[in-house]
There are 6 protein chains.
Amino acid sequence: MLHILFLVALLFSSSSHAADFCVAKLRGAGNPSGYACRSPANVTADDFVFKGLAAAGNTTNIISAAVTPAFVQQFPGLNGLGISTARLDLAPGGVVPMHTHPAATEILYVVYGKITAGFISSANTPYVNTLKTGEVMVFPQGLLHFQINAGGKPALAIVSFNSPEPGLQILDFALFGNSLSSALIEKTTFLDDAQVKKLKSVLGGTG
Amino acid sequence: MLHILFLVALLFSSSSHAADFCVAKLRGAGNPSGYACRSPANVTADDFVFKGLAAAGNTTNIISAAVTPAFVQQFPGLNGLGISTARLDLAPGGVVPMHTHPAATEILYVVYGKITAGFISSANTPYVNTLKTGEVMVFPQGLLHFQINAGGKPALAIVSFNSPEPGLQILDFALFGNSLSSALIEKTTFLDDAQVKKLKSVLGGTG
Amino acid sequence: MLHILFLVALLFSSSSHAADFCVAKLRGAGNPSGYACRSPANVTADDFVFKGLAAAGNTTNIISAAVTPAFVQQFPGLNGLGISTARLDLAPGGVVPMHTHPAATEILYVVYGKITAGFISSANTPYVNTLKTGEVMVFPQGLLHFQINAGGKPALAIVSFNSPEPGLQILDFALFGNSLSSALIEKTTFLDDAQVKKLKSVLGGTG
Amino acid sequence: MLHILFLVALLFSSSSHAADFCVAKLRGAGNPSGYACRSPANVTADDFVFKGLAAAGNTTNIISAAVTPAFVQQFPGLNGLGISTARLDLAPGGVVPMHTHPAATEILYVVYGKITAGFISSANTPYVNTLKTGEVMVFPQGLLHFQINAGGKPALAIVSFNSPEPGLQILDFALFGNSLSSALIEKTTFLDDAQVKKLKSVLGGTG
Amino acid sequence: MLHILFLVALLFSSSSHAADFCVAKLRGAGNPSGYACRSPANVTADDFVFKGLAAAGNTTNIISAAVTPAFVQQFPGLNGLGISTARLDLAPGGVVPMHTHPAATEILYVVYGKITAGFISSANTPYVNTLKTGEVMVFPQGLLHFQINAGGKPALAIVSFNSPEPGLQILDFALFGNSLSSALIEKTTFLDDAQVKKLKSVLGGTG
Amino acid sequence: MLHILFLVALLFSSSSHAADFCVAKLRGAGNPSGYACRSPANVTADDFVFKGLAAAGNTTNIISAAVTPAFVQQFPGLNGLGISTARLDLAPGGVVPMHTHPAATEILYVVYGKITAGFISSANTPYVNTLKTGEVMVFPQGLLHFQINAGGKPALAIVSFNSPEPGLQILDFALFGNSLSSALIEKTTFLDDAQVKKLKSVLGGTG
């Protein structure tokens, strides 16, 4: 028996790398597969738990909504494990605006409330549904999608992604919240100059 | 403009295969990547919604718990999308017994109640936490893990997996719920003959 | 020697599946990995060649540009090989409008002319360059990007993707070229009603 | 010709990274894709050879068996190459107890002797075979499996895995060889208290 | 308890697709992920065993060697499982000539005898070793490599691959065993005309 | 609105790792997934552009051809993005000799000129085509292939690969441009001693 114990110890003890997980050291340089692993000796059960989704996000903002992520940057235990999650709080009238996740499919579960959600395919077909408590919808990777509170009461959804770093590109921020010139935006989106400048002004864009 | 419209149509119309998704035809033969795709012309928004998690599972059973899956077999819209989900209902005293998912990492979100959950690593280290409403825990792929109701009230968790077919191997069913001979089980688990036969009898195993 | 010849033949002859390639039967149902393979016995050298990029696309349209794809639907030899290509013709003033490829990174080579191209990251940072003949730019997977003729003469670019089905979601078509209701678009994009209706009218959208 | 030589040298000489392999520096922090690469200049033919499987493992232990791994921790040349191997020595009566490899499929070749081996599927079906010299069996990823000497003489098997770090979770060690409390084990496995405590005592578990 | 049994059955019984494996129907059309799955109801333990490596290959040929594959075409149980194996018999003087596996890394274990084996990297560096019984060598994916009997006695090696269809391109057959014209071969290899024609004649090539 | 801005900043600002890209620090040790990421704060638009393909390669050499790569070592912005490119200049009579890319499929576009190109499958079947301006050919991963100028004028092709490090093994350099002994080469290729020594002398090989 001692022999087995010794063997099993031998398999893993000489290594900085656990076979099963790789809790991120977020401070070092990442690489295409994620972050460097913390030594397994310094990993505890707490590293696999994230408490930051327990509290509602602050929906006192112009979208009356909040997205609280539990991606690898917030939850280092997810590094290399191919999954992440987030909570969506939607006050009455709240909306998670049109956005994409460049690196992951999303699945959404309605914890409470009523949510209208949809995505648009590469063939330009919209797929829109109104979901009630306990219902689930999937949003294929990289496609434009949105979520809107469809009831008069607060709604909560939990979403999961098949990547620890799904990325998040919110259309309005991508177009109007940076220094991309109005001329370029107009030429590539067919939006009117006044419209572009109005939204740039709201979202802090320049140029 | 007609030219663009034509082009975009051309990209996808001659194909039985949407670029973005592949809603499963469950009846045909599957293959290692999943199931054949239903024609995009026959796909509707409903195919991306699953309502089967809205109702609680029946926990009137010896584990006082129920697992309700939304895997590709229940939710064909997940085919090829690399994700799935399930609900866990835990009545007071309920337990989801020791099990593995051979093909996926799991992430769990507590909708309500209090749950003690844990997994055991390849280095035989247990990582156990007690989770409250809104807390999240991750279970790396292929490792033994469990969930137990840790409060006196019903608990609900939503779990997600980074595969549409995570698989599910419940330890007791794998060992005692089939025709694997008692002699083989005893030899490979060091369990006593009486113990093996007792559990075989409870779980319907033979041999 | 006969023995070897026999062996090598044996390895592959009994199979409908070549070890190296899988030229698509486009008519059957696809699956998440692509299309069924044509029998290797029916595959010829021509199946690995695509001539459809030799002629310029028709740029007599409102964008003064044309995208001619060589994806698996046009070029069945690419099935399962993880790559595809396309040509972009940009007449003077031409533009490939803001779009994404949900399933692939793109690399662009300027065959002739001058092209301003850019993408916007998940962190909302624009990365814009003006490229001359022979210069190359990469567009990471799933991010909004565009190409504009930056000279007074026609320009040609060849782009490649690391998927046989990169997908193509053109922002304006996704938003304005379908039946997504104006109210939903406005709520999820912050665009003005007049702007939405104007573009719906140009791009054939309803609702 | 000098030009070609120069070109080929140029392709690789400025890099710390060989295109083909990445022999591990085991001491540094790993990451989800494995370990950092040793400089190709310091790599020799010996780095691709492992001699540690040449000697039989010591089977003088309670399982009359030994598993000698050639995983990336023992054989750094495997880093990033997607494969590993191990030898199983089974003295008469020997058994490799019920276990899983969370991250790899296993293929087993009987070098000599007679071995009964089996796995249990997610559908709880056991697949058991008795193998003779030269026979091969495959064990799909993440499923419980075992190997038993089925003859009266020593047996040797060589197994391979499609990962340099397949992981190894031996059921008895996972359940009884650590500090997981007896109460938790009993609740999640339905095993009797006496059984759990007996095995904990044998395998060095506490709690 | 009946409830659990019912649930577990429900998870898998309505499907033609087992969560864990996909034994190939070799006769139908393959696809990029492999072959269609046989119904799990028709799968038995025998499907996971291959006996074809138990007998030595016939080495009475000009290379005094034989390669006996257990790829998915010979061993349908490997379909989708990411692994395969083969046996190499090397009579005295035997050689497995220079070849590549386009789709897999190879790991070799010497069952008996003495074998000189080597591969050549993309940087043109040869890595050559002489291996004795029980020693292991790895050959990274896609690189030219070879095995030679280095003793005066028969040698046997077992090799494994991290793909069920590793492919096999034997250099001499690729160059000289088909209808590729002598002129093309000479132009692309710098080999002399007499040399090319001599080997074409031995290996059955035309042109 | 400030809340959203804050949130989006929060998602990415605390990290050394952009969600979308990972521009390589080439100097550090690589790992199986590529190189460490430069901090996103130090990344500019220029990092996604490569100008090194704008000038023709020098074809004044014995093959009258030049391959100019834009792999991750030359173009660090490709790190982790799964794609790369190269230009092939073929003077009249020029040839890119028989070679493989162990880690990628290649797609070729003829910018100008006429090129005969071909590959040989694992089943030893040659697939050869003569391509004109604008035509495209695909070469499946890991297979021997070549390109020859088939006109009397210079030709230019742009090739792309589905890996940032496709690797490049030129048959003649692999066999004759290093220290692999003539005896080993002859034994594993069936080439005559005089032929081997002649090519070793041309290509700088020893042994």
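Quick notes on this one:
- Förster radius 56 Å - calculated FRET efficiency between E:LYS132 and A:LYS51, Cβ distance, rounded to 0.05: 0.50
- Global geometry of the range F:57-167, whether rounded, prolate or oblate, following the gyration tensor of its Cα atoms and the 1.5 cut on a/c: oblate
- Among B:ALA91, B:ALA19, B:ALA150: highest mean-square fluctuation, GNM of chain B, C-alpha pairs under 10 Å: B:ALA19
- Cα centroid separation - the range D:111-141 against the range D:159-194, whole Å: 21
- Rounded to the nearest 20 debye, the dipole size of the protein assembly as shown about its Cα centre is 0 debye, using +1 on the Cβ of Lys and Arg and -1 on the Cβ of Asp and Glu.
- Spin-label model, A:ALA194 to E:ILE62: label points 7 Å out along the Cα-to-beta-carbon direction sit 8.4 nm apart.
- Whichever lysines have a C-alpha closer than 21 Å to that of A:LYS25, once near sequence neighbours (fewer than 8 apart) are set aside: A:LYS51, D:LYS25, F:LYS25
- Here the range A:57-167 has 54 percent of its accessible surface on carbon and sulfur atoms, given a 1.4 Å probe and all protein chains in place.
- Overall form of the protein assembly as shown per C-alpha gyration tensor (a/c, 1.5; a/b vs b/c): oblate
- Tensor-based shape of chain A (alpha-carbon gyration tensor, a/c under 1.5 rounded, otherwise prolate or oblate): prolate
- Using C-alpha pairs below 8 Å separated by at least 6 residues, the relative contact order for the range D:57-167 is 37 percent.
- Solvent-accessible surface (1.4 Å probe) assigned to C:HIS99 amounts to roughly 10 Å².
- All-pairs Cα distance distribution in the range E:107-162, expressed in whole percent, bin size 10 Å: 25, 54, 20, 1
- Helical mean residue ellipticity (222 nm; -39500 (n - 2.57) per DSSP H run of 4+; nearest 500) of chain B: -5000 deg cm²/dmol
- Amide H to amide H, with H built 1.01 Å from N, C:ALA86 comes under 5 Å of C:ALA70, C:VAL159, counting only residues 5 or more places away or on other chains.
- E versus D: buried accessible surface, summed, Å² (probe 1.4 Å, to nearest 100): 3900
- Charge context of A:MET137, other residues only, Cβ under 14 angstrom, K/R +1, D/E -1: -1
- Summed residue charge, Cβ within 13 Å of E:LYS153's Cβ, Lys/Arg positive, Asp/Glu negative: +1
- Residues of type aspartates and glutamates that D:LYS132 reaches as a straight line, Cα spacing below 15 Å, ignoring anything fewer than 8 places off in the same chain: D:ASP89, E:ASP46
- Here C:LYS200 is the anchor, and the lysines within straight C-alpha reach of less than 19 Å, apart from those fewer than 8 places off in the same chain, are A:LYS187, C:LYS187.
- Here the relative contact order of chain E, from alpha carbon pairs under 8 Å that lie six or more residues apart, stands at 18 percent.
- Sum of side-chain charges, A:ALA104 neighbourhood, beta-carbon under 14 Å (Lys, Arg +1; Asp, Glu -1): -4
- Distance-filtered residues of the range D:32-58 - backbone nitrogen under 15 Å, label point 7 angstrom along F:SER179 Cα→Cβ: D:41-47
The values are calculated or read from the model by the stated rules, or taken from the named source; none is laboratory data. What you see is a predicted model; the values in this text were computed from it and never measured. For neighbour counting, all protein chains shown are included, and Cβ atoms are generated from backbone atoms with ideal geometry for every residue, glycine included. Areas reflect the complete protein model, heavy atoms only, side chains present, ligands, DNA and RNA absent. Shrake-Rupley method; radii C 1.70, N 1.55, O 1.52, S 1.80 Å.
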